[in-house]
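Student: Got a structure here, written out as structure tokens. Questions coming.
Please treat every number below as a calculation from the coordinates, not as lab data. This one's a predicted model, so the numbers in the text were calculated from it and none came from an experiment. No Cβ is skipped: glycine too gets one built from the backbone with ideal geometry, and neighbour counts run over all protein chains shown.
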């Protein structure tokens with residue numbers, strides 16, 4: 001009788017452990033099959049080097065109630081997250097930054113799986129994110145800004161884009177490098193420049209998406225669009241010199257005409 005109870009106990013323990021393993025395995029399978037429909041970033045820089053950012057995520061079918069996505073910023077960021085379209089229904093979520101073996105991830109919990117059609121909007125601010133002194137190129141008025149995004153999660157991303165916004169009074173100059181890159185095979189640039197609300201933007205678009213382990217990045221230069229007093233003085237002197245030269249040239253032409261008439 002005792003041996004029978006022992007046997008039944010072992011069966012119960014075995015079934016319990018098998019249930020746990022099966023649940024974990026199914027969770028891993030769901031994670032491996034998860035695809036984010038959209039990961040869209042907007043990062044606004046101010047004159048003090050502070051950053052304000054907004055991330056829009058669209059999970060789609062099969063979305064879990066807890067989601068971990070790459071976070072290419074600072075772990076000190078305090079995030080707020082909602083599931084909704086802002087204008088209509090909004091469901092408050094829990095969001096925080098976790099450090100997983102040196103990789104920063106944005107962890108969002110309490111996602112309503114039955115409302116996967118609603119986008120997830122994450123907002124946060126990072127004080128002193130941009131170091132103006134380090135970013136300035138020596139011997140020029142140019143600054144460098146580099147943004148990198150590495151998909152280190154178990155989910156593929158169908159659509160990824162990022163919009164970098166300069167403070168007022170600054171304008172983008174060049175794209176030093178980007179990934180996806182501009183190539184001769186594809187004449188369409190993966191990035192674009194535009195102005196909105198009197199601020200200069202550069203947007204990078206990875207149209208083919210980002211599979212697990214793939215990267216999107218852009219490095220740009222920008223400068224102040226205000227002319228320095230030295231430049232204005234030099235320009236003024238050149239203009240004055242041209243006027244004097246042109247005046248002397250006209251006077252010389254009149255003298256030559258007068259001489260011809262006398263002759």
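Student: Roughly what would the spin-label model give for residue 207 and residue 132, points 7 Å off Cα along C-beta, in nm?
Tutor: Computed distance between label sites residue 207 and residue 132 equals 3.8 nm.
Student: Can you give me the relative contact order of region 34-224 as a percent, contacts being Cα pairs under 8 Å and 6 or more apart?
Tutor: Details: 461 pairs, mean separation 49.5, N = 191.
Once divided by the residue count of region 34-224, the mean separation gives 26 percent.
Student: Something else about it: Counting only Cα atoms, I'd like the Rg/Rh figure for region 33-96, Kirkwood definition for Rh.
Tutor: Working: Rg = 13.4 Å, Rh = 13.6 Å.
When Rh is taken as the Kirkwood radius, the ratio is 0.98.
Student: Now for a separate question. Test of understanding: what is the full-extension gain from residue 80 to residue 159, defined as 0.36 nm times their sequence separation minus their Cα-Cα distance?
Tutor: Working: separation 79, 0.36 × 79 = 28.44 nm, distance 2.25 nm.
Residue separation times 0.36 nm, minus the Cα-Cα distance, leaves 26.2 nm.
Student: Suppose R0 equals 25 Å. What FRET efficiency, 1/(1 + (r/R0)^6) with r the Cβ-Cβ distance, do residue 184 and residue 215 give to the nearest 0.05? Walk me through the intermediate numbers first.
Tutor: Working: r = 21 Å, r/R0 = 0.86.
Once rounded, the FRET efficiency stands at 0.70.
Student: Can you put 150, 36, 118 in order, fewest other beta carbons within 10 Å first? List each step's numbers first, then the result.
Tutor: Values: 150 14, 36 23, 118 19.
Ranking 150, 36, 118 by Cβ neighbours within 10 Å, fewest first, gives 150, 118, 36.
Student: For the pair residue 66 and residue 142, how long in nm is the line joining their label points, each one 7 Å along Cα→Cβ?
Tutor: The modelled label-to-label distance comes out at 4.6 nm.
Student: Based on Cα positions only, what radius of gyration and what Dmax would you give for region 116-225, in angstroms?
Tutor: 15.5, 51
Student: Please provide three numbers in whole Å: the alpha-carbon extents of region 34-224 along the principal axes, with the largest listed first.
Tutor: Projected onto its principal axes, the Cα set of region 34-224 covers 55, 40, 37 Å.
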